[in-house]
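Here is the structure we will look at, set down as structure tokens.
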Amino acid sequence: MIEELVRKEVRNLLIYEPGKPLEEVKRELGLEEVIKLASNENALGPSPLAVKALENSLANIHLYPEGGGYYLRKKLARKYGLNISEILLGNGSDEIIRMIVETFLNPGEEIITGDPAFVIYKIACKAMGGECISVPLKDFTFDLETMLERITAKLIFIANPNNPTGTMVTEKEVSEFLRRVPPRILVVFDEAYYEYIEREDYPDNVRRIQKGAPVIVLRTFSKIYGLAGLRIGYCMAGKEVVSALNRVRQPFNTNSLAQIAALFALDDEEHIRKSREMVKEGKEYLYSEFKKMGWEFVPSEANFILFW
């Protein structure tokens with residue numbers, strides 16, 4: 001009977017199966033040490049500045065958080081040269097993806113993304129009764145040219161770098177792509193691994209927002225900042241887009257500790273530098289070892305490597 005009450009769109013969704021806790025894996029397999037690699041987390045952990053700020057804030061957790069995350073949004077706006085009205089916080093960037101789809105997608109309308117890419121794009125779309133057009137990757141990278149041929153959609157999701165391939169599309173490619181995308185379509189750039197980028201030809205999508213382009217940029221504190229357990233991310237977009245998203249945002253969607261930790265993590269340039277260097281050294285080592293073993297791999301712009 002309960003299944004009959006469930007919306008038909010939800011009935012067809014697969015349940016996301018989280019991995020087992022490390023302690024349970026140790027117990028089941030009789031191991032003393034287990035290293036978790038599944039979620040691309042920062043092996044250095046969180047910023048010490050963020051940890052200290054959390055310790056100093058624990059006595060205030062009986063109070064509701066500042067609903068809009070004013071101070072964190074103000075700091076992000078100053079960092080990127082935007083207005084505070086062009087910043088929105090989310091319970092991880094996952095929540096913002098859902099908010100985007102809930103806000104802009106009507107049942108039967110389409111989104112376009114790559115395949116494979118972050119699975120939440122498709123789940124959020126299907127939950128709202130939308131259709132997801134999945135365009136196969138080309139050379140492990142988003143095939144923007146083929147996506148242009150399927151331009152009937154209202155939303156386009158581009159993970160840059162892409163998970164799970166670690167590849168990126170360039171400024172030149174994005175510029176040409178956006179020139180040919182009709183202005184009625186919103187293009188969402190998921191830049192969760194932005195801080196690991198070293199290439200100079202990475203797209204400057206914040207500049208596009210400054211110029212009024214219909215794009216949304218997603219970023220997170222879960223990766224290089226090491227705050228995955230606190231669940232906080234943000235998006236940057238035109239104020240009209242952010243205003244629309246705020247209509248579906250829950251009043252207290254980001255908790256006070258997450259906001260405080262993110263504020264201080266932004267200031268810890270030393271932690272960011274060490275995290276970036278650790279990943280660079282680790283990738284170079286693994287590339288070398290993969291070659292020795294005769295394994296294939298895709299050079300990555302992020303903190304993970306696709307290999308086989």
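Values quoted throughout were computed directly from the atomic coordinates according to the rules given, and no laboratory measurement underlies them. A quick note: this is a predicted structure, and the numbers were derived from the prediction, not measured. All Cβ positions, even for glycine, are placed from backbone atoms using ideal geometry, and neighbour counts span all protein chains on display.
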Among the residues in the range 50-70, are any over 28 Å from Glu281 (Cα atoms), surrounded by 13 or more Cβ atoms within 10 Å (Cβ to Cβ) and under 19 Å from the mean Cα position of the chain (by Cα)?
yes
Name the residue that is nearest to Leu14 (Cα to Cα), counting only residues in the range 131-159 that are β-branched (Val, Ile, Thr) and outside any helix (DSSP H, G or I).
Ile133
Within the range 107-130, take every residue that is in contact with a Gly (Cβ under 7 Å, 6 or more places away or on another chain) and surrounded by fewer than 17 Cβ atoms within 10 Å (Cβ to Cβ) and give me the one that is nearest to Asn12 (Cα to Cα).
Gly129
Within the range 23-52, which residues are in a helix (DSSP H, G or I) and either among the small types (Gly, Ala, Ser) or more than 20 Å from Ile272 (Cβ to Cβ) (or both)?
Glu23, Glu24, Val25, Lys26, Arg27, Glu28, Leu29, Ala50
May I ask you to list the residues in the range 273-308 that are of a type in the set (S, T, N, Q) and either part of a loop (DSSP other than H, G, I, E, B) or touching a residue at least 24 places away in the same chain (Cβ under 8 Å) (or both)?
Ser275, Ser300, Asn303
Could you check Glu55 against (1) among the charged types (D, E, K, R); (2) under 20 Å from Phe264 (Cβ atoms); (3) part of a loop (DSSP other than H, G, I, E, B) and say which number it fails?
(3)
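Quick one: would you say Leu44 is in contact with a helix residue (DSSP H, G or I) (Cβ under 7 Å, 6 or more places away or on another chain), farther than 26 Å from Phe189 by Cα, among the hydrophobic types (A, V, I, L, M, F, W, C) and surrounded by 11 or more Cβ atoms within 10 Å (Cβ to Cβ)? Spell out how you get there, then give the answer.
Working: in contact with a helix residue (DSSP H, G or I) (Cβ under 7 Å, 6 or more places away or on another chain): yes; farther than 26 Å from Phe189 by Cα: yes; among the hydrophobic types (A, V, I, L, M, F, W, C): yes; surrounded by 11 or more Cβ atoms within 10 Å (Cβ to Cβ): yes.
Taking the combined requirement at face value, the residue satisfies it.
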Just name the residue that is surrounded by the most Cβ atoms within 10 Å (Cβ to Cβ) out of those in the range 150-168 that are more than 23 Å from Val101 (Cα to Cα) and of a type outside the set (Ser, Thr, Tyr).
Met168
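Is it the case that Arg231 is of a type outside the set (Gly, Ala, Ser), touching a residue at least 60 places away in the same chain (Cβ under 8 Å) and in contact with a strand residue (DSSP E or B) (Cβ under 9 Å, 6 or more places away or on another chain)? Show your work before the answer.
Values: of a type outside the set (Gly, Ala, Ser): yes; touching a residue at least 60 places away in the same chain (Cβ under 8 Å): yes; in contact with a strand residue (DSSP E or B) (Cβ under 9 Å, 6 or more places away or on another chain): yes.
Here the answer is yes, as Arg231 does meet what is asked.
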Across the range 69-82, what is the number of residues that are free of Cβ contacts under 8 Å to residues at least 40 places away in the same chain and of a type outside the set (D, E, K, R)?
2
Six or more apart or on different chains, Cβ under 9 Å: which pairs go from a residue in the range 98-124 that's on the phi > 0 side of the Ramachandran plot to one that's part of a loop (DSSP other than H, G, I, E, B)? Could you list them?
Gly108/Gly129; Gly108/Gly130
Selection over the range 79-106 where residues are part of a helix (DSSP H, G or I), within 21 Å of Ala213 (Cβ to Cβ) and out of contact with any Gly (no Cβ under 8 Å at 6 or more places or on another chain) yields a count of 8
I'm told Met147 meets every condition in (1) aliphatic (A, V, I, L, M); (2) touching a residue at least 40 places away in the same chain (Cβ under 8 Å); (3) under 28 Å from Ser39 (Cα atoms); (4) crowded, with 16+ Cβ neighbours inside 10 Å except one. Can you identify the failing condition by its number?
(2)
